[in-house]
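**Student:** Mind looking over this structure? Questions follow.
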Amino acid sequence: MVSPLLRTKSIEQSLADAEEPGHQLRKDLSVRDLIVFGVAVVIGAGIFTVTVSQAGNNAGPAISISFLMAAFACGLAALCYAEFASTVPVAGSAYTYGYATFGEFLAWILGWDLVLEFAVGAATVAKGWSGYLGNLVHAFIPSVPKSMHSVSIGGIGFDWGAVAVVALVTILLTVGTKLSSRFSAVITAVKIAVVLLVIVVGFFYVKAANYTPYIPPSQGGGDAAKSVDSSLFSLITGAGNTSYGWYGVLAAASVVFFAFIGFDVVATTAEETRNPKRDIPRGILGSLAIVTVLYVLVTLVVSGMANYHQLAGKGDDSKNLADVFAINGVMWAEKLIAIGALAGLTTVVMVLVLGQSRVLFAMSRDGLMPRGLAKTSTRFGTPARLTLIIGAVVALVAGFFPIDRLEEMVNVGTLFAFVVVAGAVMVLRRSRPDLPRGFVVRGGPVVPVLAIVTCVWLMLNLSALTWIRFLVWMALGFVVYFAYGSRHSMVGRRERGEA
């Protein structure tokens, strides 16, 4: 009998499980829906929050280089995802791919890792949405404080705005994926219009002097360079902190990577796509291409509209896109951007919760989580019970927990998943060359190897504290797997003749 750590789930079994009555997702999505989902989740926190804060705190005007670095890494990973998703069109994304190639234990780790990516990401963006809600209301009614979205209950802060947006998207996802896609299409059109307005209007306020120095000199070393808040790479090399200079550009690239997270969510919907072998690659690559162009244009405009020192600030003092226009006295644009941000972040939260539900759905169907969670609603064709549970957990985290630096926590988990998917592509090519592939990355192992190298490089440029938190989360995952998952695995039960 194969060790539980190494037993794999065949591609054929994964495809058969996807057709199991009572655990079957409805195939409603087209390539247009996939691109909408991809653009909907990617255009959000990156443009409206992370862009400005990283320009002010780490990269300066060179933030555009940071975005290009992150886009390059994502593009390589996206090609690997496209090949795998067109070959194995089953819910679960990296978790399912890992199960078919590296074995059950690593699949569990990937699934646990994706829980971190999607759930924490959704909670983080929900809190960003809530902050923009306060800014918008204050802009129209100055007597209302910007902190109106947060109240104190028994001395504990409660962010009701974040809870409200999570509740909204959870209901939409429970009712149906197609309805969610239509809602996303409308909201995505609104935020793309706002982004284009930012680029066009902001262009007239660009000052060439703000681009100098393009890469600001590093702010020195000292004790700060040895802090757990410094990047792991800078600690290893002893080369200084990550405020400006090339180390700042690299650190910013690792953080703005958060702005691109989302195209992998498209892969989680493969089981609900009408023609996954054709449409999943188009959805992944199409959405990534659109947002990369928009992101680079926005970074060039934003860094030209204000001096990078004016954009610096952390915690409650962090600057966002609306602040850049306020600095230039364009108050009407500030209000419009706040509206666009609310629309944009709504769809980000929704698609992250969608991705989370589909990963846990796949894990539950495999028995690594309680099988009852993988039941689909006969009325809506969605995992309604699971979606409601996830929505409640995300709302709890977003509502009560003070969340700081979670962009990095999401990034390290996502980058790890990208590394494994790139490796899995190479393994599956050797182990199952007979499988029909709707999309194949050309150049042999070159692209997967480059994807691994670039993603590991970005991981090294995240803070040491992020790595510590990530390892603690992984350790907790080990405990859950050996206490529950390994004993209830459907693959293991079939081997033992119990299922």
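The values are calculated or read from the model by the stated rules, or taken from the named source; none is laboratory data. Nothing here was measured: the structure is a model prediction, and the numbers come from that model. Here Cβ is always computed from backbone atoms with ideal geometry, including for glycine, and neighbour counts include all displayed protein chains.
**Student:** Please state which one of LEU294, LEU285, LEU342, LEU336 is assigned to a helix (DSSP H, G or I), more than 30 Å from ALA94 (Cβ to Cβ) and within 19 Å of the chain's Cα centre (by Cα). Steps first, answer last, please.
**Tutor:** Values: LEU294 fails: more than 30 Å from ALA94 (Cβ to Cβ); LEU285 fails: more than 30 Å from ALA94 (Cβ to Cβ); LEU336 fails: within 19 Å of the chain's Cα centre (by Cα).
Answer to the check: LEU342.
**Student:** With the checklist (1) modelled with pLDDT under 80; (2) more than 30 Å from ALA251 (Cα to Cα); (3) assigned to a helix (DSSP H, G or I) in hand, flag the one item THR378 doesn't pass.
**Tutor:** So THR378 meets the others, but not (3).
**Student:** Scan region 377-392 residue by residue and report those that are crowded, with 17+ Cβ neighbours inside 10 Å, of a type in the set (Val, Ile, Thr) and closer than 18 Å to VAL120 by Cβ.
**Tutor:** The answer is THR387, ILE390.
**Student:** Might you let me know whether region 404-417 holds any residue that is surrounded by fewer than 18 Cβ atoms within 10 Å (Cβ to Cβ) and not in a helix (DSSP H, G or I)?
**Tutor:** The answer is yes; a qualifying residue exists.
**Student:** Let me ask you something else. Could we say that VAL441 is out of contact with any His (no Cβ under 8 Å at 6 or more places or on another chain), modelled with pLDDT under 85 and either within 30 Å of GLY245 (Cα to Cα) or not in a helix (DSSP H, G or I) (or both) here?
**Tutor:** The answer is yes for VAL441.
**Student:** Can you spot a residue in region 433-449 that is within 21 Å of LEU114 (Cβ to Cβ), of a type in the set (Val, Ile, Thr) and either surrounded by fewer than 18 Cβ atoms within 10 Å (Cβ to Cβ) or without any contact (Cβ under 8 Å) to a residue 60 or more places away in the chain (or both)?
**Tutor:** Of all residues in region 433-449, those within 21 Å of LEU114 (Cβ to Cβ) come to 448.
Filter once more, so that each one left must be of a type in the set (Val, Ile, Thr): none.
The answer is no; no qualifying residue exists.
**Student:** Among the residues of region 101-123, are any buried (at least 18 other Cβ atoms within 10 Å of the Cβ), at pLDDT 80 or above and touching a strand residue (DSSP E or B) at 6+ places or on another chain (Cβ under 8 Å)?
**Tutor:** No.
**Student:** Of all the residues that make up region 67-107, how many are touching a Leu at 6+ places or on another chain (Cβ under 9 Å) and either at positive phi or aliphatic (A, V, I, L, M) (or both)?
**Tutor:** 19
**Student:** Specify the residue that is farthest from PHE105 (Cα to Cα); the eligible residues are those in region 365-376 that are of a type outside the set (A, V, I, L, M, F, W, C) and crowded, with 24+ Cβ neighbours inside 10 Å.
**Tutor:** Looking at the filtered set, the residue picked out is ARG365.
**Student:** Related question: For VAL425, indicate whether it is closer than 19 Å to GLY98 by Cβ and either free of Cβ contacts under 8 Å to residues at least 60 places away in the same chain or of a type in the set (Asp, Glu) (or both).
**Tutor:** no
**Student:** Which condition number does ASN320 fail, the rest of (1) more than 19 Å from SER53 (Cα to Cα); (2) modelled with pLDDT under 80; (3) polar (S, T, N, Q) being met?
**Tutor:** Answer for ASN320: the failing condition is (1).
**Student:** In region 481-490, which residues are in contact with a Leu (Cβ under 9 Å, 6 or more places away or on another chain) and either part of a helix (DSSP H, G or I) or of a type in the set (A, V, I, L, M) (or both)?
**Tutor:** TYR481, TYR484, GLY485, SER486, HIS488, MET490, listed by residue number.
**Student:** Considering (1) part of a helix (DSSP H, G or I); (2) farther than 30 Å from PHE478 by Cβ; (3) modelled with pLDDT under 85, say which one GLY98 fails and leave the rest.
**Tutor:** In the conditions (1) part of a helix (DSSP H, G or I); (2) farther than 30 Å from PHE478 by Cβ; (3) modelled with pLDDT under 85, GLY98 misses (2) alone.
**Student:** With the requirement that a residue be in a helix (DSSP H, G or I) and within 12 Å of ALA362 (Cα to Cα), what does region 80-95 give you?
**Tutor:** Taking region 80-95 and keeping what is in a helix (DSSP H, G or I), we get 80-87, 94-95.
ALA94, TYR95, listed by residue number.
**Student:** For region 20-79, how many residues are modelled with pLDDT under 75, closer than 22 Å to ALA289 by Cβ and over 18 Å from the mean Cα position of the chain (by Cα)?
**Tutor:** Qualifying residue count for the region: 1.
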